[in-house]
Amino acid sequence: MAETGIRFARIDLITGILGIIGLAISIYLTIVHYQEHLLVCAVGGGGCETVQTSKYATIGSIPIALLGIGMYVAILGLIVARRYRPEWAFAATTAIFGITLAGVLYEIYLTYVEIWVIDAICPWCVTFAIVTLLIMIVEGWHVWQLVNE
């Protein structure tokens, strides 16, 4: 039983660190949406500017990055919930997996748009997508562990 607690603590740590990275990227890209002069794109030339100013960077008037903030706040909140309420572990883990699965599917769409429609790649967006994918993998493995205990 103690081994399970240590293993789950590691999963919380990994997902938490990745979640903080995802949240930081989302906050940065939200700020940049409103303050374009703060955008730093060291890799890929003008890809960041092209993607950030495209019509695909918003849903209505809401920047997609703001949705990323919401996603990562929810993920981090669920990590805290499962850490301090062990009886919620399965529900919280399943929710994190579901949220990140939806995020990854949306990121696949956005990556398609970047490559085939906008013809520009934003390294910040790619990093965000990778972080979300990594959390989905870790949490998917965690769900599998919980189901098979």
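With a 10 Å Cβ neighbour count serving as the proxy for reagent exposure, in which order, fewest first, do Ser54, Ser26 appear? All intermediate terms of the calculation are to be shown ahead of the outcome.
Values: Ser54 15, Ser26 24.
Listing Ser54, Ser26 from fewest to most nearby Cβ atoms yields Ser54, Ser26.
With each label point set 7 Å from Cα along the Cα-Cβ vector, what nm distance links Ile27 and Arg85?
About 2.5 nm separates the two model spin labels.
Among Asp12, Asp119, what is the fewest-to-most ranking by other Cβ atoms within 10 Å? Could you put the intermediate results ahead of the total?
Working: Asp12 18, Asp119 11.
The most exposed by this proxy come first: Asp119, Asp12.
At Ala42 and Val117, where each label point lies 7 Å from the Cα along Cα→Cβ, what is the point-to-point distance in nanometres?
Calculated label separation equals 3.0 nm.
Counting helices only, and only those DSSP H runs with n ≥ 4, report the 222 nm mean residue ellipticity of the chain as the sum of -39,500 (n - 2.57) divided by its residues, in deg cm²/dmol to the nearest 500. Mind dumping the intermediate values first?
On the way: 5 runs with 109 residues, N = 149.
Helices in the chain give a 222 nm mean residue ellipticity of -25500 deg cm²/dmol.
Find how many whole Å separate the alpha carbon centroid of segment 66-109 from the alpha carbon centroid of segment 11-36.
Segment 11-36 and segment 66-109 have Cα centres spaced 14 Å from each other.
Can you put Cys41, Cys122 in order, fewest other beta carbons within 10 Å first?
Working: Cys41 18, Cys122 26.
If I rank by nearby Cβ atoms, fewest first, I get Cys41, Cys122.
Once you sort the root eigenvalues of the Cα gyration tensor of the chain as a ≥ b ≥ c, which label holds: rounded (a/c under 1.5), prolate (a/b larger than b/c) or oblate (the other case)?
Prolate is the answer for the chain, as a/c is 1.5 or above and a/b outweighs b/c.
Read-outs throughout are calculated quantities, based only on the coordinates presented, and are distinct from any laboratory measurement. The structure displayed is predicted, hence computed values, not measured ones. No Cβ is skipped: glycine too gets one built from the backbone with ideal geometry, and neighbour counts run over all protein chains shown.
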